[in-house]
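**Q** First the structure, which I've put down as structure tokens, then a few questions once you've had a look.
The values are calculated or read from the model by the stated rules, or taken from the named source; none is laboratory data. What you see is a predicted model; the values in this text were computed from it and never measured. Heads up, the Cβs are rebuilt from the backbone with ideal geometry, glycines too, and the neighbour counts pull from every protein chain shown.
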Amino acid sequence: MKLSGAKAIVEALKREKVEVIFGIPGGSTIPFYDALYESDLRHVLARHEQCAAHMADGYARVKGVPGVCTATSGPGATNLVTGIAVAYMDSSPIIAITGQVPRSMIGKDAFQEADIVGITTPITKYAFQVTSASQIPDAIRTAFLLASTNRRGPVLVDVPKDVQLEEVDPDYPERIMIKGYVIRSGDPHPYSIKKALGLIMSSERPLIIAGGGVIASNCSEELVKFAELILAPVATTLMGKGAIPENHPLSLGMVGMHGRGEANKAVEEADLIIAVGMRFGDRTTGKLDEFARNSKIIHIDIDPAEIGKNIRVDVPIVADAKKALSILHSKLLEVGSKRTESEWIKRINSLKESFASNYTERGDGLKPSRLMKILRDCIPAKSIITTGVGQNQMWAALHFRVLEPRTFITSGGLGAMGFGLPAAIGAKVASPDRPVFNIDGDGSFLMTEQDLATAVSEALPVISIILKNRALGMVRQWQCLFCNKRYAHTDLGNVPDFVKLAEAYGAEGIRIESYESFESAVKKSLKAEMPVVMEIQISPDEKVLPMVPPGKGLKEVIWYG
Amino acid sequence: MHIIAALVEDRPGVMFKVTSLIRRRGFNIDTITVGSTEKEGLSRITMTMRGDESVVEQLVKQLSKIPDVVKISELKPSESVYRELAMIKVSAPDPAKRSDILNYITIFRGRVIDASKDSLTIEMVGNPKKINAFLDLMKGFGVVELARTGIVALSRGSRSTSEG
């Protein structure tokens, strides 16, 4: 049956079991939107394409399936770029479908023409253009296959307007072969498992560092079982938060530049680090030469290019984290290797106790750390947290204890301010029954604030908690600590009244002036039917501590600013 | 010198994907060539670079993640044959010097492919060291123009890079 290329795309998306698309229409996607008009695919109209991409990303991270966003050619497509880069850095599967000027006008600098395939090639798993309608079925299948297999990531499909209009009799493939792309079984090589077992059994002080790969591979259960078997404490990267319930006795919290004292100390004292689904990013390791100097390293990752990229490891295991951890677990059981007590765990527990007092709040005003603890105590374990980027994000990472995987959604690798609100919207679409909180800063929130209009229009009750310090707080903190308090352009000056701003959008605005009012507002917001914005004034001098200065080793930590 | 040979899909934009990755990750290559292969639909990209084994390994691993790269491997210079073509235009107005140049061409097994009253254009095929040595000699006469293709290489023996 003949149909337009645009309809063929919609049909292909339905075959991929897509339920929702986030986007904004424009000149080059009018045919695609015309096809959407008569389909039952849900469309969430964003107010800025960057947000459409973040929404698709938030959706993907909560659901574990690709999120789809769309934009028109030129400025629509370039606005997606930040969102695509976020997904790339955090290995999140999103599909971006962009309109393009008609084929005959490509390369002529036509109105709203931008080389989006060229622009996004370095920040996608793959970006390509469809040059005839007959390619559409394969193209969409390819995009979903690439985005959702091996190490996941964003894929961009660019569709010229005349291709959307071209008539085609589409032939949808069940399977597709991509010559240069092998879907990995994820099975670890027996030799590396054998070597790893040797290191694990001879280790006295094993430490697990879990990254985003544990979440992507849905193997929290396997991770915890493995950790319990070998009695290894578990630290996580920022992306790994949720890999282990952070109230578990073996949980150490986040490691790295803003890692918890006990986690960073454990890295220093461990004799074996088992790195699972993490990439030794600079914010995790600090100065590489000084990272884990006393320890052997086992590195489990699905992407062979991650092995040896940043750090030399003793045993690489190229595998799906779930498979690798289950095999290690069962092999250890086979040889009857199970620890019941260890000096190491006693040491870890004493570290936790000795650092506990460092986290207590000092001074006047509302303290982010206490707010995070109150929030945790007031909301169900399954609630989803998204964050902005900067101090707000690090306070959340340090002090908000995540209890379930896929409930802490943050822009880790790229660190894109403005991520919190649109990611929360995507998360809420993915999981309407769960409360979704966006922990944000005023600077970060203002970057994508216009999409409150989307949340209101779609009646999505996402709750934004804005820690308002009237400053670009993280940069200000660095200026305080490393630039002799020369606060160059980090004072935001006239910051809007977020209560009135929320009301202007048709959301509910609440000004929080005490811990008690915060607690009651959070509890009340669990029943909200429309978006809520809480404004909480905090001091601009409030810092994220501890902190390892950039370029320093993890032990050179600053506790007091 | 490290030689990397990649079989890639023969379609528009693939060379861009490869060079974009090389630039983005800060690899520094010396030569890159692309051409057809024995298999329809596949092109062969040959790159050379200097540097640590670990850098080369990382480049190979990163390039192999591009879906258009069907196969990629490092060819050890000792286990492969490799050649480069250079075309060299040398200033030769003086008949005495011209005969010197012709002698050198014979020694280096090059060929004259164009001549004018004032110049000779020479074709020189071989490994890059030989071409460099010949060029050093020609500098004394005056090199007017130089074009080099970069290296192409095949593994020694009967195996093909596209197998397996």
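**Q** Being over 18 Å from A:V155 (Cβ atoms) and not basic (K, R) is the filter here; which residues of segment B:64-83 pass it?
**A** B:V70, B:I72, B:S73, B:E74, B:L75, B:P77, B:S78, B:E79, B:S80, B:V81, B:Y82
**Q** For the structure I just gave you, tell me whether A:R184 is away from every other protein chain (no Cβ under 14 Å) and under 26 Å from B:Q62 (Cα atoms).
**A** No; evaluated as a whole, the condition is false for this residue.
**Q** Within segment B:1-19, how many residues turn out to be within 20 Å of the chain's Cα centre (by Cα), within 9 Å of chain A (Cβ to nearest Cβ) and without any contact (Cβ under 8 Å) to a residue 40 or more places away in the chain?
**A** 1
**Q** Within segment A:105-131, can you find the residues that are within 13 Å of chain B (Cβ to nearest Cβ) and part of a loop (DSSP other than H, G, I, E, B)?
**A** A:I106, A:G107, A:D115, A:T124, A:K125, A:V130, A:T131
**Q** Report whether or not B:Q58 is closer than 23 Å to A:P154 by Cβ and either touching an Asp or Glu at 6+ places or on another chain (Cβ under 9 Å) or without any contact (Cβ under 8 Å) to a residue 40 or more places away in the chain (or both).
**A** Yes.
**Q** Same structure again: From the set of residues in segment B:58-73 that are farther than 17 Å from A:L146 by Cβ and crowded, with 17+ Cβ neighbours inside 10 Å, which is nearest to the other protein chains (Cβ to nearest Cβ)?
**A** Looking at residues that are farther than 17 Å from A:L146 by Cβ and crowded, with 17+ Cβ neighbours inside 10 Å, I get B:K61.
**Q** Kindly provide the set of residues from segment A:413-429 that are more than 11 Å from the chain's Cα centre (by Cα) and either modelled with pLDDT under 95 or crowded, with 24+ Cβ neighbours inside 10 Å (or both), ordered by number.
**A** Once the filter is applied, which keeps residues that are more than 11 Å from the chain's Cα centre (by Cα) and either modelled with pLDDT under 95 or crowded, with 24+ Cβ neighbours inside 10 Å (or both), segment A:413-429 yields A:G418, A:L421, A:P422, A:A424, A:I425, A:G426, A:A427, A:K428, A:V429.
**Q** Only one of these is outside any loop (DSSP other than H, G, I, E, B), over 25 Å from the mean Cα position of the chain (by Cα), under 30 Å from A:P190 (Cα atoms) and of a type in the set (A, V, I, L, M, F, W, C): A:L325, A:L332. Name it.
**A** Testing whether each residue is outside any loop (DSSP other than H, G, I, E, B), over 25 Å from the mean Cα position of the chain (by Cα), under 30 Å from A:P190 (Cα atoms) and of a type in the set (A, V, I, L, M, F, W, C) leaves just A:L332.
**Q** Here is a follow-up. Looking only at residues that are in contact with a Lys or Arg (Cβ under 7 Å, 6 or more places away or on another chain) and of a type in the set (G, A, S) in segment A:537-561, which one is nearest to A:V499 (Cα to Cα)?
**A** A:G561
**Q** Please verify whether A:L80 is buried (at least 24 other Cβ atoms within 10 Å of the Cβ), within 14 Å of chain B (Cβ to nearest Cβ) and not in a loop (DSSP other than H, G, I, E, B), treating the condition exactly as stated.
**A** no
**Q** Shifting gears a bit: So A:F291 ticks every box in (1) surrounded by fewer than 24 Cβ atoms within 10 Å (Cβ to Cβ); (2) out of contact with any Ser or Thr (no Cβ under 6 Å at 6 or more places or on another chain); (3) more than 17 Å from A:A324 (Cβ to Cβ) but one. Which box is left unticked?
**A** Exception for A:F291: condition (2).
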